[in-house]
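The next block holds one structure in the form of structure tokens; read it before the comments.
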Amino acid sequence: MATLAARRLLLPRWVAAGGRGRLLGTAAEASPGGEEARGRGGEGGGSDGAIYVKKPAAAAAVTTRDETSVAMPTSFMTGSVVGKRFYRDATVRLADDGNGWTVMLDYRTLKSPAKRPLKLPSRALAMAIAAEWEYQSDGIRPFTMPLMKLACTALERVPLTRTKVIDNLIKKFHQDLVFCRSPADSELTIGVHQKQKEKIDPILDWVNTEFGFKTVVYTTFLGDKQDEGLTRAVETVLKKTTDCELASIDAMAAAAHSLVIPLAIFKERLGIEEAIELIRLEEDHQVDRWGLVEGGHDVDIADLKVQMSSAVVFLGLSRGM
């Protein structure tokens, strides 16, 4: 992907002082010689065969924020279509301070809906988000860019609401999906109960080993309280996460109705397919027995896969994996 991006046009931002152009760059900066390419600025080309395209001369005299960056509207986080495609290429570059990576839409730096620079922790994550922008067609459809939405959440919302996010996760922890067990004394639920013992008990054993506390399993909708020590241990893990990690865990917890499953993924105990199997254990059992409702169950399955997979991918790429 980096090779493809390196072959695209590299578009410079012009600085008024001296009338000289300074190359913003793309993924090519991550390859050997990237810094040298930046130093050549807008001289029209280089030995690597890249073509340097200048900003339109009529707009070069006055440089404004709108001419050097582009921010998505707030409706990006919830809207279906937020406008037409207004750019030719989506690429990435090293941030000005050398700390993190940014996405470029032509010569403009991509910003969040709050007009903050979209500075990403790894080049891999920046490339993945650039790919989401690259594959937009006539209209910009946020629902096809889950990584971009997670990045905005991690960079804008989590830093301001970190305490609230963790408190909400802990409140729901006691009613976690993996702690709720179907009754074993009913013909309708005995099959689910057996599957839960087979698939979920190993995860409960992992919780006991990982955090040092035994979990409480219940069969009522009202749930039960977990050991206070276990709750504090889970809260400590959440407090030590980065903003990107917490955004991923929160997104997975919302989709899974579970905090244990995201934590198991975070600690590399579970993979995506295993996690989805646990989340859908009871519903899949009912589907096997009564059949699948087209336009209902199949849509739910697809939606769950997108939500969980995108959050897991975001987590891994934010770590540079």
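Here r is the Cβ-Cβ distance between L188 and K305 and R0 is 30 Å; the resulting FRET efficiency, rounded to 0.05, is 0.65. Annotation: per residue accessible area for the stretch 197-289 equals 52 Å², rounded to a whole number [probe 1.4 Å, protein chains only].
Under the 0.36 nm per residue contour assumption, what length would be gained going from the current alpha-carbon distance of K267 and K239 to full extension? Extra length from K267 to K239 when fully extended: 8.6 nm. Estimated at the nearest 10 Å², the accessible area of V82 is 40 Å² with a 1.4 Å probe.
Rounded to the nearest 20, the Cβ-based charge dipole of the stretch 199-321 about its Cα centre (Lys and Arg +1, Asp and Glu -1) stands at 480 debye. Using 0.36 nm per residue and subtracting the Cα-Cα separation, the extra length available between L222 and D288 on full extension is 21.0 nm. Taking only protein heavy atoms and a 1.4 Å probe, the accessible area of the stretch 119-266 is 54% carbon and sulfur. Run down the lysines and flag those whose C-alpha is under 30 Å from the C-alpha of K239, throwing out any fewer than 8 positions away in its chain. Those lysines meeting the cut-off are K111, K115, K119, K149, K164, K171, K172, K199, K214, K225, K267, K305.
Taking every protein chain into account, the accessible area of the stretch 102-144 amounts to 38 square angstrom per residue (probe 1.4 Å).
Would the stretch 193-321 count as rounded, prolate or oblate if I go by the C-alpha gyration tensor, calling it rounded below 1.5 in a/c and otherwise prolate when a/b exceeds b/c, oblate otherwise? Here the stretch 193-321 falls in the oblate category.
Close amide-amide hydrogen proximity is noted between L120 and W101, T102, each under 5 Å apart and 5 or more residues distant or on a separate chain (H modeled in the peptide plane; Pro and chain starts excluded). Amide H contacts under 5 Å for A71: K111, restricted to partners 5 or more places along the chain or on a different chain, H placed in the peptide plane at 1.01 Å from N.
The values are calculated or read from the model by the stated rules, or taken from the named source; none is laboratory data. Because the structure is a prediction, the values reported are computed rather than measured. So basically every Cβ, Gly included, is an ideal-geometry build from the backbone, and we count neighbours across all protein chains shown. Keep in mind that these areas ignore ligands, DNA and RNA; they rest on the heavy atoms of the full protein, side chains included. Shrake-Rupley method; radii C 1.70, N 1.55, O 1.52, S 1.80 Å.
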